[in-house]
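See below for the structure under consideration.
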Amino acid sequence: MIPRFFIKYKLEIIFIVFIVAFAALFLYEQNAQTQAKWEGSDDQGSAAIEATGYTPWIQPLWTPPSSEVESLLFSIQSGLGAFVIGYFFGFYRGKRDSAKPA
């Protein structure tokens, strides 16, 4: 007989197991490739484009003074995006819960 806890939180448990399995696979692959260099797709893409001899048409209006500032701006942008997505999920969940009869 399955405990009521597992029935109630079935989707959450499946999600947690999926995340743990993904993290374990990522760590295993990373340990297997200790010689691999951490490069982002931006670095690889720009290197491939520069290898073709392409010259850009325009230059950026502003370049961040350091990579830390660039990381900070990206973190703020991702945080705001997560807030907006979370707000709408909560809004529609509250709307759905308030429509149910008590």
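The values are calculated or read from the model by the stated rules, or taken from the named source; none is laboratory data. All figures in this text were calculated on a predicted structure; none of them were measured in a lab. A quick note on method: Cβ atoms are made from the backbone with ideal geometry, for glycine too, and the neighbour counts reach across all protein chains shown.
Any residue in the stretch 77-100 that is loosely packed, with under 10 Cβ neighbours inside 10 Å, part of a helix (DSSP H, G or I), over 15 Å from the mean Cα position of the chain (by Cα) and among the aliphatic types (A, V, I, L, M)?
Scanning the stretch 77-100 turns up at least one residue that is loosely packed, with under 10 Cβ neighbours inside 10 Å, part of a helix (DSSP H, G or I), over 15 Å from the mean Cα position of the chain (by Cα) and among the aliphatic types (A, V, I, L, M).
Taking the options Gln30, Gln59, Gln35, name whichever one is polar (S, T, N, Q) and at pLDDT 85 or above.
Gln59
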